[in-house]
1. Which entry in (i) 0.93; (ii) 1.12; (iii) 1.05 is this structure's computed Rg/Rh (Cα atoms, Kirkwood Rh)?
2. Taking Cα pairs under 8 Å and at least six residues apart, what relative contact order does the chain come out at, in percent?
3. For residue 65 and residue 88, compute 0.36 nm times the residue count separating them, minus their Cα-Cα distance, and round to one decimal in nm.
4. Quickly estimate the mean residue ellipticity at 222 nm for the chain, helices only: each DSSP H run with n ≥ 4 gives -39500 (n - 2.57), and the total goes over all residues, rounded to 500.
5. Please check: in the Gaussian network model of the chain (C-alpha springs, under 10 Å), which one of 137, 100, 76 has the largest mean-square fluctuation.
6. Using a Gaussian network model of the chain with C-alpha springs under 10 Å, which one of 93, 72, 103 is most mobile by mean-square fluctuation?
7. If R0 is 45 Å, what FRET efficiency do you get for residue 113 and residue 36 from their C-beta distance, rounded to 0.05?
8. Over the chain, with a Gaussian network built from C-alpha contacts below 10 Å, which listed residue (68, 101, 34) shows the highest mean-square fluctuation?
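Coordinate-derived values only; no laboratory data. Quick caveat, the model's predicted, so the values are computed rather than measured. Here the Cβ positions follow ideal geometry from the backbone for every residue, glycine too, while neighbour counts run over all protein chains shown.
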């Protein structure tokens, strides 16, 4: 993998995604929880309920959006496709080919891996609830951390294989 691709994955897809998701998820938390002064750890509208939801939705939406954007970057020449295949790099084969299915698998993996880590960290700090603005900061920071892990992986899968033609291009080339 070239230094340019590494830089693209680290800075644009890692750091850029972390900053974007911090701001976006802090705004979402503000909109969803603005009517409560304190957010409990567990319950219908809670820290862990929101964290588990974020664990699933962030990878799913990242796969749906970032895959398309990154493939556009490949087509535009902003980043070079790696030309890997599922045969030459078997690690590519453990995730489904479609972005939606890949997002579901990554979402479940994040629930299994990241949600328990978040709970453990909150438990170690003795958190039973958070004041509203502390929760906003937690939600933003957690989403930034998750995005910094997930988005470069999604981008790597998007540039690993030679870019597939869009469905519309496939339909017209088949005619």
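1. The calculated read-out lines up with (iii).
2. Working: 197 pairs, mean separation 78.1, N = 175.
The value is 45 percent.
3. 5.7 nm
4. Calculated from helices alone, the mean residue ellipticity at 222 nm is -22500 deg cm²/dmol.
5. So, out of 137, 100, 76, the one fluctuating most is 76.
6. Answer for the Gaussian network model of the chain: 93.
7. The computed FRET efficiency comes out at 0.95.
8. Highest fluctuation of the listed residues: 34.
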